[in-house]
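Structure first, then comments.
Values quoted throughout were computed directly from the atomic coordinates according to the rules given, and no laboratory measurement underlies them. Owing to the predicted nature of the structure, the values given are computational and were not obtained by experimental measurement. Cβ: placed from backbone, ideal geometry, glycine included. Neighbour counts: every protein chain shown.
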Amino acid sequence: MNNVIIIGSGCAGLTAAIYTGRANLKPMVIDGHEPGGQLAITTMVENFPGFPDGILGPDLIDNMRKQAQRFGAEFKSGAITDVDLSKRPFKITAGNETYETRALIVASGATARLLGLESERKLIGYGVSTCATCDGYFFRGKEIAVVGGGDSAMEEANFLSRFASRVYLVHRRNEFRASKIMIDRTRANEKIQFLTPVVVEEISDVSKGGVENMTLRNAETNQASTLPVSGIFIAIGHLPNTKVFRGKLDMDENGYLITRYGSQTKIPGVFAAGDVQDHHYKQAVTAAGSGCMAAIDAEKFLEMRADV
Ligand SMILES: Cc1cc2nc3c(=O)[nH]c(=O)nc-3n(C[C@H](O)[C@H](O)[C@H](O)COP(=O)(O)OP(=O)(O)OC[C@H]3O[C@@H](n4cnc5c(N)ncnc54)[C@H](O)[C@@H]3O)c2cc1C
């Protein structure tokens, strides 16, 4: 029987592990398919407080993990495949293993949707990004592209135009999902140029370890072209990792967990933290902050409910 199980080892899960560890709860952390979470696949993080010269994402995560281990957190590999939250103790299944726990913190994050190109995957953190707030600053004075046609693509293009000398908004259709007001605002921005209807076929140059250009194909004329850019922001949405909680926890229409009064879900004793319940801020520091909240909420819950 565990006091608290934490699903996910990104910034939210690891911060929850540090806090619950220091509260002597001996947390168990389930790593999932991506130990360390999204920061483990990026390079320089310049906006996490406390590192004036920036820190590599994997190093930041490694520090948090060691800090959690120092306070007694136990790590298990594997991904959660089922949960029984109908009664306490909760039952958490990861493949052939089933664990019981008095409290649960869900910190399973959200995965950025990608175009699915091999080159895109290899160049993440090396010119390909899924987060304008995180990486825009690296592209001061450069020509870059934003891929997508929704409100978030428009928002990112406008935000990035503060830094970049030119932003190409690349979309596979002539019509946009974005709201009219966002489209109008983006069209009015002189630094942003719309390229439609074009499909991204390739991002180069993997062999040089950085983005130099993208190959586009016009969906109407089938003509291919090369667009020289230094950075590419993929803004086609995120997928919260909440499949195993469908029908068990409240979610919004996009599958993000709904929390109330801090980190509480609709089931007493089940808490959620980080990007899995935040489609707005999506930052390492906000994920860490909400991991802290979930840990304190879980600790208080266990203290008040000695019967569980
Ligand atoms: C390329 C990139 C660069 C970024 N750069 C910055 C930056 O510079 N600054 C910044 O503030 N933010 C940055 N971000 C955003 C930041 O990484 C996220 O906001 C943060 O990682 C969210 O933390 P999290 O713990 O909520 O989720 P995640 O980091 O997504 O971690 C989720 C964890 O849950 C686990 N998991 C998922 N499903 C299951 C399951 N079924 N069972 C068990 N475990 C599961 C995963 O394996 C993972 O360990 C960046 C993101 C990306 C992708």
Next on the checklist: Could you identify which residue out of T15, T265, T215 has the top mean-square fluctuation in a GNM of the chain using Cα springs shorter than 10 Å?
Outcome noted: T215
Checklist entry - Which value results when the Cα radius of gyration for the chain is divided by 2.2 N^0.38 Å? => result 1.08
Item to check | Degrees between helix 284-304 axis and first principal axis of the chain (Cα, 0 to 90, nearest 10) | outcome: 20 degrees
Item to check | Spin-label model distance (nm) - K266 vs N218, 7 Å beyond Cα toward Cβ | outcome: 5.1 nm
Item to check | Dipole of the chain, positive end: most advanced residue of H280, F301, A68 [Cβ charges, Cα centre] | outcome: F301
Checklist entry - Which peptide among 116-128, 164-176, 241-253 comes first, and what is the full order, when sorted by highest mean count of other Cβ atoms within 10 Å? => result 164-176, 116-128, 241-253
Checklist entry - Helix 151-160 versus the longest principal axis of the chain: what angle, 0 to 90°, nearest 10, using Cα atoms? => result 70 degrees
Checklist entry - In what sequence do S290, S86, S161, S9 fall when counting other Cβ within 10 Å, fewest first? => result S86, S161, S290, S9
Checklist outcome for this item: Summing -39500 (n - 2.57) over every DSSP H run of at least 4 in the chain, dividing by its residue total and rounding to the nearest 500, the 222 nm mean residue ellipticity is -7000 deg cm²/dmol
Checklist entry - Tell me, how many Å apart are the Cα centres for the stretch 27-85 and for the stretch 252-284? => result 18 Å
Checklist entry - Based on Cβ point charges of +1 for Lys and Arg and -1 for Asp and Glu, what charge dipole magnitude is obtained for the chain about its Cα centre, in debye rounded to the nearest 20? => result 440 debye
Checklist outcome for this item: Subtracting the Cα-Cα distance of K191 and F159 from 0.36 nm times their residue separation yields 10.4 nm
Checklist entry - Which of G237, G37, G95 moves the most in a Gaussian network model of the chain with Cα springs under 10 Å? => result G95
Item to check | the chain: angle of helix 57-70 to the longest principal axis, Cα-based, in degrees nearest 10 | outcome: 0 degrees
Next on the checklist: Tell me whether the stretch 203-308 comes out rounded, prolate or oblate; compute the Cα gyration tensor, take square roots of the eigenvalues as a ≥ b ≥ c, and use a/c under 1.5 as the rounded threshold.
Outcome noted: prolate
Checklist entry - What Cys residues in the chain are without a partner cysteine, judged by a Cβ distance under 4.7 Å? => result C11, C292
Item to check | Peptide ranges 41-51, 21-31, 269-279 listed from the most packed, as the mean C-beta count within 10 angstrom indicates | outcome: 269-279, 21-31, 41-51
Checklist outcome for this item: Magnitude of the Cβ-charge dipole (Lys and Arg +1, Asp and Glu -1) of the stretch 208-281 about the Cα centre, nearest 20 debye, reported as 280 debye
Checklist outcome for this item: Footprinting proxy, L104, L216: sorted fewest to most Cβ within 10 Å, the residues are L216, L104
